[in-house]
Each structure stands twice: as structure tokens, then as C-alpha cells.
1. Using Cα centres only, tell me the gap between segment 76-146 and segment 1-52 in whole Å.
2. Among DSSP bridges having both ends in segment 4-247, what percentage is antiparallel? Round to the nearest 5.
3. Kirkwood Rh, segment 137-250, all Cα pairs: how many Å?
4. For residue 51 and residue 130 in the same chain, what is the full-extension length gain: residue separation times 0.36 nm, less their Cα-Cα distance, in nm?
5. So what is the diffusion coefficient of segment 4-247 in µm² per second by Stokes-Einstein at 10 °C and 1.306 mPa s, using a Kirkwood Rh over Cα pairs?
6. Just to confirm a number: summing +1 for Lys and Arg and -1 for Asp and Glu over residues other than residue 142 whose beta-carbon lies under 15 angstrom from that of residue 142, what do you get?
7. Using the per-residue mean of other Cβ atoms lying within 10 Å as a proxy for protection, in what order, highest first, do the peptides 192-203, 145-156, 9-20 fall?
8. Would you mind getting me the FRET efficiency between residue 229 and residue 160? Use the beta-carbon distance for r and R0 = 25 Å, nearest 0.05.
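The values are calculated or read from the model by the stated rules, or taken from the named source; none is laboratory data. None of these values were measured; they are calculated from a predicted model. Here the Cβ is made from the backbone with ideal geometry for all residues, glycine too, and neighbour counts use every protein chain on show. These accessible areas exclude ligands, DNA and RNA; they are computed on the full protein's heavy atoms, side chains included. Shrake-Rupley method; radii C 1.70, N 1.55, O 1.52, S 1.80 Å.
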Amino acid sequence: MARIAFITGATSGIGQATATLFAQAGIDLILCGRRQDRLDALNQSFSNTVKVLTLCFDVRDREAINAQVSALPSEWKNIDILVNNAGNAHGLGTLADGDTDDWDQMLDGNVKGLLYVSKAIIPLMLENKQGHIVNISSIAGKETYVNGVVYCASKSAVETISQGMRLELTQKGIKITNIAPGAVETEFSMVRFKGDADRAGQVYQGFEPLQPEDIADAILYAVNAPKHVTIADLTILAGAQSAATTIHRS
Ligand code: NDP
Ligand code: 8X3
């Protein structure tokens, strides 16, 4: 029987690339995001290859998550893989000057959203006595940088949650993989800079950034590892990147 993956943030970037690779690998897909038009387009493009279900919700909306997960048809409740990928950075600024609405979006989405989705899915995995959760953290979760402290804190929390999940769930047959990417060329910087395409484009200039497929490839590798192997933690940087804010540009 085909495995089932539940992917948050599937409408763009790393999540969408993961959905594409999973479909090619024959994994049925529950694709989540807030943009229904994109979910519909993904459904159309993958449904010839695998079974697809789309769920439109904001990961900050605990009630919507619980309602949609409990309403899953029984054949979709055997979730083998959860990819906790939804998230973004909002703005760049110091703690003195930062926009507190941006902080709310990052902490509520990247941290509490990941927790809410996990809390809804983990009981289904416990019932099946197996599962695999892949959390998308960031190099920003391992290193703190000026003007990005709240985003870094949100990803540092993801690192801690991954460790905690591994402590609590390994003995229940659930594997945890934490993946920390460096600079990946997605809509991430467009979101961070609130639609300023010039500023977003500059982030990826003068070097070859990671592509979302590079991270998707690692996620597929992790979920395809044999039962006796857990890929616990992966940090993946662009070839020209040596630290969160150190990128060698031409
Ligand atoms: P994108 O902006 O391309 O994709 C973000 C995805 O998350 C979208 O599908 C978006 O969907 C979804 N999303 C964001 N906020 C919410 C929310 N509140 N509720 C539901 N879905 C949400 O960025 P990436 O693909 O780069 O980002 C994916 C993950 O990778 C994020 O967690 C990010 O922090 C992390 N990351 C990214 C790096 C990079 O350099 N790009 C590096 C390291 C980590 P929709 O808008 O439809 O809801
Ligand atoms: C995204 C990578 O370095 O912009 O998580 O924080 S970075």
C-alpha cells in the first residue's frame, strides 16, 4: 500500500518541491496551505500519479486544524509522514525597532502552528504505532543573527521541539528528522521583504543558492531510510555559504 504524507506549506518552495518528489516516489499526498488556487493546481498536476487530498488552513488556526484532521476520510488517516514545513520570516529588524505583528506571525506560525499540526497528527501515528515527522528548521535555528532574532528564536524552538519529539516518540515507533537549510531560493525573501522583489532578489545574487529540490531530495532520503536508520539532523548549506550570514559572493 502506498504511504501517505501530510505536507504543510505545500503551495510554494520547499513544500511544493517535496510534494513533487514524493508524487514521483508514489507517496499519496495531503497537501496543505492557505492559497486554495495553488492547492487546486497541485491537485490537478499530481492526481494522475498518486492520490491527492488538499486542506486549506492557516497553521495558526488550531480549531481549523483539528476540525480538518478529524474530518479526514478514514482511508486518509493512516498518515505515515508529516512534513512540518509551513513557515516564513516576516521583516528584518532589531528587537528595539522590530514590528510586533511580524513577531506574532513568526512565533505563532513557525512555532505554535507546527505544534498544533503535530498535536493533531501524532495521535493518528500513535494508533498506527509508526510514523515519521520531518521538521523544517533553519541554519537560523542554530545561529542567531542581528535583525533576525525573532525568526532565529522561532527556528531555535523548532530545533528544541525536534529533540523533544525524538525523546517522547522514538519508543513509540515514530522517527523524527530535523532539517536545517541555509539560503534556498523560494518565495521566502519575497515574504520577508513584503513583496519587494528587488530586495528579495538581492538575497540570492552573486552565488548559487540552494533550490527547493535540494531540500526535497534530503527529505525523501530521510523518509526512505530503512527502519533501523534515523536521519536525525541535517544542516544543508549552499556551496558558497559557511554560516547563516556568511555567503561568499562573486
Ligand atoms: P515559501 O515562502 O516559498 O513557502 C512557505 C510555505 O509556507 C507556503 O506554502 C505558505 O503557504 C506556507 N505558510 C506560511 N505561513 C503559513 C501559515 N500561517 N499557515 C499555513 N501555511 C503557511 O518559503 P520556503 O519554501 O523557503 O519555506 C518553507 C520552510 O523552510 C519555512 O519553514 C522556512 O522557514 C524554512 N526555511 C527556508 C529557507 C530559505 O532560505 N528559503 C532556509 C531555511 C528554512 P500559503 O501562503 O499558501 O499558506
Ligand atoms: C532562512 C535562512 O539565513 O535567511 O531560514 O535565516 S536565513
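1. A separation of 18 Å, based on Cα centres.
2. Working: 2 of 29 bridges.
Antiparallel bridges: around 5 percent, rounded to the nearest 5.
3. Numbers: mean 1/r = 0.0651 Å⁻¹.
For segment 137-250, the Kirkwood estimate is 15.3 Å.
4. 26.4 nm
5. On the way: Rh = 18.1 Å.
Roughly 88 µm²/s, to the nearest whole number.
6. Numbers: positive: 155; negative: 143, 159, 233.
Result for the neighbourhood of residue 142: -2.
7. Result, highest mean first: 9-20, 145-156, 192-203.
8. On the way: r = 23 Å, r/R0 = 0.93.
E between residue 229 and residue 160, to the nearest 0.05, is 0.60.
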